[in-house]
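Notes to accompany the following structure.
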């Protein structure tokens, strides 16, 4: 049961318009985030900025899954697993680059950014430059925000996501 009541979907909010434009619908997570002063806007802006960064689309989704699993956020794990599957069907990125970014993100998350010199050397050897390292941190931060809010609220999985997750045997 949701512990934070989502804002009504018919409430006229710019964040709702942004979410509908980006996703084609209004996810419960955005409705819950809208209870805060700026959380929905912050989350949506972070996603927009991160989409323009150097982290590959499939890597962003896989990082989101890893962050959600680390934080025990079922809403985000399910939503991003579905998104990753959709992105994977159209992704043309080099699989090694995706793996390198995801592995670097996992190490950064596990160490809370306190990476060793050897970790950084390994990342550089895998082709991850300083710009991508910072962009990976931004992707982690975006997803931490979503995880914290959804765990706090126990956001209910949207019926559409629940149906897709059941169909794809995720939930």
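What to note about this one:
- Index of the failed condition, residue 57 passing every other in (1) more than 25 Å from residue 2 (Cβ to Cβ); (2) within 11 Å of the chain's Cα centre (by Cα); (3) buried (at least 21 other Cβ atoms within 10 Å of the Cβ): (3)
- Which numbered condition residue 88 fails, given (1) at pLDDT 95 or above; (2) surrounded by fewer than 16 Cβ atoms within 10 Å (Cβ to Cβ): (1)
- Hey, residue 4 in contact (Cβ under 8 Å) with a residue 12 or more places away in the chain and either in contact with a strand residue (DSSP E or B) (Cβ under 8 Å, 6 or more places away or on another chain) or farther than 23 Å from residue 107 by Cβ (or both) or not: yes
- If you filter the range 26-52 down to residues that are over 17 Å from the mean Cα position of the chain (by Cα) and either surrounded by 14 or more Cβ atoms within 10 Å (Cβ to Cβ) or in contact (Cβ under 8 Å) with a residue 12 or more places away in the chain (or both), you find that the one that is nearest to residue 161 (Cα to Cα) is 34.
- Among the residues of the range 145-171, those identified as farther than 19 Å from residue 6 by Cβ, surrounded by fewer than 17 Cβ atoms within 10 Å (Cβ to Cβ) and touching a residue at least 60 places away in the same chain (Cβ under 8 Å) are 168, 170, 171.
- Only listed residue being crowded, with 19+ Cβ neighbours inside 10 Å, under 16 Å from the mean Cα position of the chain (by Cα) and at pLDDT 95 or above, chosen from 138, 68: 68
- Test for residue 111: is it touching a helix residue (DSSP H, G or I) at 6+ places or on another chain (Cβ under 8 Å), modelled with pLDDT of 95 or more and either surrounded by fewer than 16 Cβ atoms within 10 Å (Cβ to Cβ) or farther than 21 Å from residue 35 by Cβ (or both): yes
- Residue selection: residue 55 fails the criterion of being assigned to a loop (DSSP other than H, G, I, E, B), farther than 19 Å from residue 105 by Cα and in contact with a helix residue (DSSP H, G or I) (Cβ under 9 Å, 6 or more places away or on another chain).
The values are calculated or read from the model by the stated rules, or taken from the named source; none is laboratory data. From a predicted model like this one, the values you see are computed outputs, not experimental measurements. Glycine also receives a Cβ, built like all others from the backbone with ideal geometry; neighbour counts cover every protein chain displayed.
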